[in-house]
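One structure is given below, encoded as structure tokens.
The values are calculated or read from the model by the stated rules, or taken from the named source; none is laboratory data. These numbers were taken from a predicted model, which means no experiment stands behind them. Quick reminder, even Gly has a Cβ in these numbers, built from the backbone with ideal geometry, and neighbours come from all protein chains shown.
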Amino acid sequence: MPDNPPMASPSELPPGNHVFEILSYDLVLDALQSVGLLGDGRITALSSYENRVYQIHLEDGTAVVAKFYRPGRWSDAQILEEHAFSHELMQAEVPAIGPLLLHGQTLHHFGGFPFSVSPRRGGRPPELDDGEVLEWIGRFLARIHTVGAARPFESRPALNVQSFGVEPRDWLLTHEQVPLDVQSAWEKLSQQAIDTISNYACLAGDKAGDDRDPIRTLRLHGDCHPGNILWTPTGVPAAAGPGPHFVDLDDARTGPAVQDLWMLLSGDRQQRTRQLGALVDGYEQFRAFDRRELVLIEPLRTLRLIHYSAWLARRWHDPIFPINFPWFGSSDYWQGQVQMLEEQLEAMTEEPLVV
């Protein structure tokens, strides 16, 4: 037997094994060495479910973050569009954290895995109860959308009722993921939700052209929840300066601007109205916000609800998912989904938030 047997690639794994099972720390360090970065042996796995992300200290005393993409999720062209978007944002002095250019490339391959390397940035979750923080975030979201509106994605998909509603719903039913005791109720309510959302032109795909004055769609962050914003307080030394820093453009896609605002809202209607007001106040210092989009908040929330269940089900063979989501798939989980769909159908009939 040779001292260094060849590594298995994801396509060569035995049946039942998951691709990330071969992603050892040694493979991660070898991947970095392949692009000229020498780790000093200190490596920490960071929180990530879709991909695998590691903080790695280098021999020169610096540290980087390496992201190994889930094989088969995005094509190289789609990943490169994410990278190009992040670099457009950085060129516009928007505090997004994009991959490093190493040997003239941002996307690399090693051991069957596509990966990228980014600078390490520290930060804490933003204080979303603070109006000034929300206003600051709103200003930068407007700047992200100004860049996003400059040109379209060519390869990345759109956020619409087909991609986030119809397709995941059909997959769940076809693969018998919904328990029989709740299947009928969930199937009925999810179809009602999709039928309702299909009435919104900008979410209905090919129906968008029927609208005389359509809501504009553009390139988005796509998954702008608080966990994807790092906050550096004023007065704290930081390479990228104080304020918000936007990370993880992995879900970047085309959609309405409000998609990047609504996940920052929480609490009762009064609280959400106040939070939204602060975000829009900041946003409109740089870019006009189309208030017609406010009616899309609950439809977008409903689409995310359906899409999330399919995302969990499709990833269940990845060992990290049963460990971190042990409640998924039970009758209790799906009963909860039925209840939330009922609540969302009602919410979509209510007057939208007003700012």
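Looking at the stretch 249-274 only, could you name the residues that are closer than 14 Å to residue 225 by Cα and not hydrophobic (A, V, I, L, M, F, W, C)?
Result: 250, 251, 259, 260, 266.
In the stretch 140-167, which residues are buried (at least 21 other Cβ atoms within 10 Å of the Cβ) and in a helix (DSSP H, G or I)?
Hits for the stretch 140-167 are 140, 141, 142, 144, 145, 148, 161, 164, 165.
Give all pairs with beta carbons closer than 8 Å in which a residue from the stretch 62-81 that is more than 16 Å from residue 98 (Cβ to Cβ) meets a residue that is among the hydroxyl-bearing types (Ser, Thr, Tyr) and outside any helix (DSSP H, G or I); count only pairs at least 6 apart in sequence or on separate chains.
Correct list of pairs: 68/54; 75/155; 77/155.
Within the stretch 228-328, considering only strands (runs of 3 or more DSSP E) that don't extend past its boundaries, which have at least 2 residues that are closer than 20 Å to residue 205 by Cβ and in contact with a strand residue (DSSP E or B) (Cβ under 7 Å, 6 or more places away or on another chain)?
254-256
Which condition from (1) in contact with a helix residue (DSSP H, G or I) (Cβ under 9 Å, 6 or more places away or on another chain); (2) without any contact (Cβ under 8 Å) to a residue 12 or more places away in the chain is the one that residue 293 breaks?
(2)
Are any residues in the stretch 96-107 buried (at least 19 other Cβ atoms within 10 Å of the Cβ) and either on the phi > 0 side of the Ramachandran plot or modelled with pLDDT of 95 or more (or both), and if so, which ones?
Of everything in the stretch 96-107, those that are buried (at least 19 other Cβ atoms within 10 Å of the Cβ) and either on the phi > 0 side of the Ramachandran plot or modelled with pLDDT of 95 or more (or both) turn out to be 99, 106.
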